[in-house]
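Novice: There's a structure below that I have some questions on.
We did not get these values from a lab; they are worked out from the coordinates using the rules stated. Since this is a predicted model, take the numbers as computed values, not measurements. Cβ coordinates were reconstructed from backbone atoms using ideal geometry, including for glycine residues, and neighbour counts include every protein chain displayed.
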Amino acid sequence: MNIDELADTFELLGDWEERYRFIIDLGRKLPPLPEAEHNEANKVRGCMSQVWLHSQVTADSPPRLVFQGDSDSHLVKGLIALLFQLCSNKTPQEILATDIASAFTRLGLENHITMNRRNGFYAMVERIRALAAAQVHGRSS
């Protein structure tokens, strides 16, 4: 699902109670993160909740990043799923070119989640961007 599809879905849902349920449901549909990946290296700093993000590089040409994640918060897990809708299975260059902050604002999340959740969301965004940038840097050197 791209940002246009997500925005359309949010419009159809109408009120924020339904949108929160949708986000939480997205999180429930995430494939489970293997227990071994719940480690310090995958832990995202800056989140109030426990959050882990793991990435793998596909053998495709060009290579793509595929993300897995988990959180101890249902809403945050849903935000992870939203983020993956925008970033997972894309090339590092596509990820770096994605304006996630605009997508976040377009969905109305900027005004409907707490400051702490927002900060945590952007900590996840920064982690994903750093993983993508490391792939770009690793390929160009």
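Novice: Name the pairs: first residue in region 43-58 and charged (D, E, K, R), second residue assigned to a strand (DSSP E or B), Cβ to Cβ under 6 Å, at least 6 apart or on different chains?
Specialist: Lys43/Trp52
Novice: Related question: Name the residue, out of Pro34, Pro92, that is surrounded by fewer than 18 Cβ atoms within 10 Å (Cβ to Cβ) and not basic (Lys, Arg).
Specialist: It is Pro34.
Novice: Please return the ranges of helices (runs of 4 or more DSSP H) entirely within region 1-103 where 3 or more residues are charged (D, E, K, R). Can you show your working first?
Specialist: Working: elements: 3-13, 16-28, 74-87, 92-97.
Correct list: 3-13, 16-28.
Novice: I would also like to ask the following. Just checking, how many residues over region 97-121 are surrounded by fewer than 16 Cβ atoms within 10 Å (Cβ to Cβ) and either more than 19 Å from Arg45 (Cα to Cα) or out of contact with any Asp or Glu (no Cβ under 9 Å at 6 or more places or on another chain) (or both)?
Specialist: Step one: list which residues in region 97-121 are surrounded by fewer than 16 Cβ atoms within 10 Å (Cβ to Cβ), which gives 97, 99, 101-102, 105-106, 108, 110-112, 114-116, 119.
Now narrow it down to the ones that are either more than 19 Å from Arg45 (Cα to Cα) or out of contact with any Asp or Glu (no Cβ under 9 Å at 6 or more places or on another chain) (or both): 97, 99, 102, 105-106, 108, 110-112, 114-116, 119.
Residues that pass the stated criteria total 13.
Novice: Pull up region 55-69, narrow it to residues that are of a type outside the set (Ser, Thr, Tyr) and buried (at least 18 other Cβ atoms within 10 Å of the Cβ), then point me to the one that is farthest from Gln85 (Cα to Cα).
Specialist: Filtering region 55-69 for residues of a type outside the set (Ser, Thr, Tyr) gives 56-57, 59-60, 62-69.
Now restrict to residues that are buried (at least 18 other Cβ atoms within 10 Å of the Cβ): 64-65, 67-69.
Working: Arg64: 14, Leu65: 12, Phe67: 10, Gln68: 11, Gly69: 12 Å.
Applying the filter and picking the extreme gives Arg64.
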